[in-house]
Amino acid sequence: MFTIYRSNNLDILLNLIKYNIIKKPLNNPLQTEIIILPNSTFIPYLKIYFSKIMGIHTNISYINPEKFIWNLFIKIIPQIKKGNIFNKKMITWQLMNIIPKTVVLPEFKNFHKYLNNINNTNYLYEISIQIANLYDEYQKYRPEWLYLWEKDKISFFPNNKDQIWQAKLWKQIIIYNKIILGKKLWYLSRLYNFFINKKKKIKYSVLPERIFILETQNIPLIYLQLLEKLTKYIEIHILIKNPCIHYWDNIQINNNYNFYNSLLFSWGNYGINNINKLINVSSRMIESFVKIKSLNLLNNIKKDISLLKENFLLKNNKKKINMSDDSIQINVFTDLKQEIEFLSFNIIKLINNKNYYLHEIIVISPNINIYLPFIYSIFNKKQIPFNIYLDFNKNNIFNIPDIFFFY
């Protein structure tokens, strides 16, 4: 079973990783500790943090869940070859060959609206990319569909007539790989069903001894279901940052507002979906929540969220705000340069007066491109080192904002 740690403090979760690594070392000292995390942007900062709390950072490997899953199952299932795994680029080129030959079939009646000019190679390439991305999303978030489509079964939804041509096209991809390329195409639901039915044919000796999963927000459920089947052989620790000690899904709001927080109810759907993914998996739960002190406005809000309360709804219980409290600020400027000037001033203030380190500061923006000239000129002039991360893949179903960090 999984070991799941929940806390409202990231430092605690990272120290739990430290504790397991130091106090419970692997049987093979040469084996690498594995930390799975969906976003590789944070790897340099995790290295800095672990170096700080452990004294040294060594023999720890960071890997995204998709790469880890396929690398692992290639090792334990001999039938899977690297070139046979679902790959968006590979599927794109296959679709360019398949689509022109299949659009004449009756199942593609609702597909014709997308074909403005199928004889245009560039257009065919672009629509093939979009369909390959769609199938990639399906294999992660609707894995049962692809498996049923391969078996010529359709989970039909009345309002989704596109599923007819999508199912037929997916079947053609399977046939193309089998007949033309002479190989079996492996995708997540096929892997899961094979694994469930052919356990005796699997080599378990190559499995890692232990892995840590840091956050599961962008990890599809099927990855967790695959890993759950391996918990008999692998020690798997899942660490989740959770702002609230209570489970807030499906709570009925009552007249007394005993359990209610408007911020959590309006912004917390993403977080509760992450928690719900783990409800039906076999696990033991370890909770380590920190009691939040009411030092300022920001901490008061955090405390209300943590306790699932809303103090402004309670008579004679409103918190007083100190006039010097700058934990939450709203600033309005006439131009972009002023924004960045004020930002740089605030960062210097945080470092000098509040003992922050540069690597502890993150700036988030929905569109950082418009600020780039001012960031480079102002921060370089003030000799504030920084690192910018731009999300070039804006088509992800889970968009993340642009951010920049400091060294």
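The values are calculated or read from the model by the stated rules, or taken from the named source; none is laboratory data. Given the structure is predicted, the values throughout are model-derived calculations rather than measurements. Cβ: placed from backbone, ideal geometry, glycine included. Neighbour counts: every protein chain shown.
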Against the condition surrounded by 18 or more Cβ atoms within 10 Å (Cβ to Cβ), outside any loop (DSSP other than H, G, I, E, B) and assigned by TED's automatic domain parsing to the domain that holds P29, how does I213 come out, does it pass?
yes
Can you tell me how many residues within segment 10-39 are surrounded by 13 or more Cβ atoms within 10 Å (Cβ to Cβ) and not in a loop (DSSP other than H, G, I, E, B)?
14
In this structure, does N116 turn out to be assigned to a loop (DSSP other than H, G, I, E, B), exposed (fewer than 14 other Cβ atoms within 10 Å of the Cβ) and not acidic (D, E)?
yes
Would you check which residues across segment 248-283 are among the hydroxyl-bearing types (S, T, Y), more than 16 Å from E310 (Cα to Cα) and modelled with pLDDT of 80 or more and list them?
S282, S283
Here are some conditions: (1) modelled with pLDDT of 90 or more; (2) under 27 Å from K277 (Cα atoms); (3) of a type outside the set (S, T, Y); (4) exposed (fewer than 14 other Cβ atoms within 10 Å of the Cβ). N59 meets all but one. Which one does it not meet?
(2)
Just checking, does segment 73-81 include any residue being loosely packed, with under 14 Cβ neighbours inside 10 Å and either without any contact (Cβ under 8 Å) to a residue 40 or more places away in the chain or under 25 Å from the mean Cα position of the chain (by Cα) (or both)?
no
Condition met for K151 (among the charged types (D, E, K, R), without any contact (Cβ under 8 Å) to a residue 24 or more places away in the chain, surrounded by fewer than 19 Cβ atoms within 10 Å (Cβ to Cβ) and over 30 Å from I43 (Cα atoms))
yes
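Quick grid of which residues meet (1) modelled with pLDDT of 85 or more; (2) over 22 Å from H246 (Cα atoms); (3) of a type in the set (G, A, S):
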residue: S288; (1), (2), (3): yes, no, yes
residue: L297; (1), (2), (3): yes, no, no
residue: Q338; (1), (2), (3): yes, yes, no
residue: S344; (1), (2), (3): yes, yes, yes
residue: N353; (1), (2), (3): no, yes, no
